[in-house]
Amino acid sequence: MTDGWTVDGTPTDLQSEGLAFKPEGGKPVRSTFPIDAMQELLDHGRQRPLFLIFKDLPTFFDEPKVVRKLADVLEAGQPWTVFFVTPHVELPLLLEKVVTLVEVPLPTADDLREVLLGNLRQLAGQKGRFQVPQRLIEAVIRAALGLTRRQASWVFRMAIEDDQEFSETDLDLISAQKRQIIAKSGVLPTSSRS
């Protein structure tokens, strides 16, 4: 079973709000506060295999009570697999011994080509048949390297939707949006693969 938690209780990709799970023979448990959510997990999730996805939890790593409760969860010896979804994390010392960081690589040029072509197929479905030069496709992919699939798809859609076309002028928009994404995150993405 997969359960998840988000800081604001907004629906996650798992279609749950806060921490949501149903103990064996019990009523569903739901909590949007991190300490309460983890306590519910300790109280009602024992001896039950769980795959947990915590979104936004690292934003609370500066709160000692949250870190302590998370350490309790991670050291509970239960059949749980716990993931934190975050673009960047600085682990508190207490968690370093029980957490393994897994860096998910950025998409390759081939991955971005797939995303771009999917967006172009959608445009073709709305507009009818049109041609995009291969050199433009390659230039757009190079411009998007370093973005995640989601970011690239959003930037490609923005470029297409602004004038219902895909042309050389969209390269400037894609580059500007990439600079803005980098500025907002404070992280300079790099990609050494093509």
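Cβ neighbours within 10 Å, averaged per peptide: list 48-59, 81-92 in order, most packed at the top.
Ranked from most to least packed, the peptides come out as 48-59, 81-92.
How about segment 93-194: which chymotrypsin sites (Phe, Trp or Tyr not before Pro) there lie in a loop by DSSP and see at most 12 other Cβ atoms within 10 Å?
130
What GluC sites (Glu not before Pro) does segment 123-185 have in DSSP loop regions with at most 16 other beta carbons within 10 Å?
When the GluC sites (Glu not before Pro) of segment 123-185 are filtered for loop state and at most 16 Cβ neighbours within 10 Å, 165, 168 remain.
Read-outs: derived from the displayed coordinates by stated rules, not from any lab. Keep in mind that what you see is a predicted model, and the values were worked out from it rather than measured. Please note: Cβ atoms are built from the backbone with ideal geometry, for glycine as well, and neighbour counts cover all protein chains shown.
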